[in-house]
Amino acid sequence: MADPFIIAGRTFTSRLIIGTGKYPSHAIMQAAHEASGADMVTVAVRRVDISRKTESLLDYIDTAKIFLLPNTAACYTADDAIRTARLGREAGMSNWVKLEVIGDEQTLFPDNEGLLEATRVLVKDGFIVLPYTNDDPVMCRKLAEAGAAAVMPLGAPIGSGLGIQNPNNIRIIREQAKVPVIVDAGVGTASDAAVAMELGADGVLMNTAIAGATDPVMMARAMKLAVESGRLAYLAGRIARRSYASASSPLHGIVGS
């Protein structure tokens, strides 16, 4: 691959990571996963039957093609998140974890103090930690220094669909980060995903924007194309912004001049 997406030594073919919640049905979720081209999906450890004794969304994920990223959704303390991550690993899901420590029930903003504590503990415990955090360059740096394999700053509150609220913060995080940067939360439509990638994000994680769309499968396809085009635009290098017009055609050599 000319432009590989690598996290902790593992290469992924898609820079789009999607979730498994809020879909109208497991079958629609499965079809959306296929349309998205994603080869990593996130699963809430506390919201699935990891025993597989009854039908579960895990029955609709082809783990031969798609990598499971367990997450600690609905955890409000560092201890709870650590315990949940360990539960997922013991159940055979993965030693990777999308780490969430929520600090506020209404906004679902992260508790960054607890997040940093949990990151340090889980890294020492052998986990590949991908922490969900605020779009704060300083906190992203601290998380990377604590051993996080990637940082996942929010674009906007979870499920809000507001798009990237602080684009300059994302740009600074990308410039300073020594690990992959994955924009997580707030994407509402394809243009939001493209903007995240044009800012230099290495990947985008989303759930509600696809699962809550009128046609989740069509939206998954749109997000796939948006992430790909945004990445290409970032690599191509956009033109400089100007306050005034700049002629597209050169003035010298014009007939009659």
Task: Filter result (assigned to a strand (DSSP E or B) and among the β-branched types (Val, Ile, Thr)) within region 105-130 - done: 128, 129
Open item on the list: out of contact with any Asp or Glu (no Cβ under 9 Å at 6 or more places or on another chain), among the acidic types (Asp, Glu) and crowded, with 19+ Cβ neighbours inside 10 Å: which single residue out of 198, 175 fits that description?
Closed with: 198
Task: Answer residue from region 201-240, given it is without any contact (Cβ under 8 Å) to a residue 40 or more places away in the chain and in contact with an Asp or Glu (Cβ under 7 Å, 6 or more places away or on another chain) and is surrounded by the most Cβ atoms within 10 Å (Cβ to Cβ) among those - done: 230
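Matching residues to (1) more than 28 Å from residue 2 (Cβ to Cβ); (2) at pLDDT 95 or above; (3) out of contact with any Leu (no Cβ under 7 Å at 6 or more places or on another chain); (4) not polar (S, T, N, Q):
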site: 201; (1), (2), (3), (4): no, yes, yes, yes
site: 210; (1), (2), (3), (4): no, yes, yes, yes
site: 229; (1), (2), (3), (4): no, yes, yes, no
site: 251; (1), (2), (3), (4): yes, no, yes, yes
Task: Close pairs from region 126-146: first over 19 Å from residue 82 (Cβ atoms), partner in a helix (DSSP H, G or I) and among the polar types (S, T, N, Q), Cβ under 8 Å, at least 6 apart - done: 134/112; 135/169; 136/112; 136/169; 137/169; 137/176; 140/176; 141/176
Task: Filtered residues of region 77-104 (kept if closer than 21 Å to residue 156 by Cβ and not in a loop (DSSP other than H, G, I, E, B)) - done: 98, 99, 102
Task: residue 74, sole failed condition from (1) in contact with a helix residue (DSSP H, G or I) (Cβ under 7 Å, 6 or more places away or on another chain); (2) of a type outside the set (Phe, Trp, Tyr); (3) more than 28 Å from residue 196 (Cα to Cα); (4) in a loop (DSSP other than H, G, I, E, B) - done: (3)
Open item on the list: Checking the condition crowded, with 21+ Cβ neighbours inside 10 Å, more than 23 Å from residue 190 (Cα to Cα) and either out of contact with any Cys (no Cβ under 8 Å at 6 or more places or on another chain) or at pLDDT 90 or above (or both), which residue from 68, 16, 99, 58 passes?
Closed with: 99
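The values are calculated or read from the model by the stated rules, or taken from the named source; none is laboratory data. Treat the numbers as computed from the prediction; the structure is a model and nothing was measured. So basically every Cβ, Gly included, is an ideal-geometry build from the backbone, and we count neighbours across all protein chains shown.
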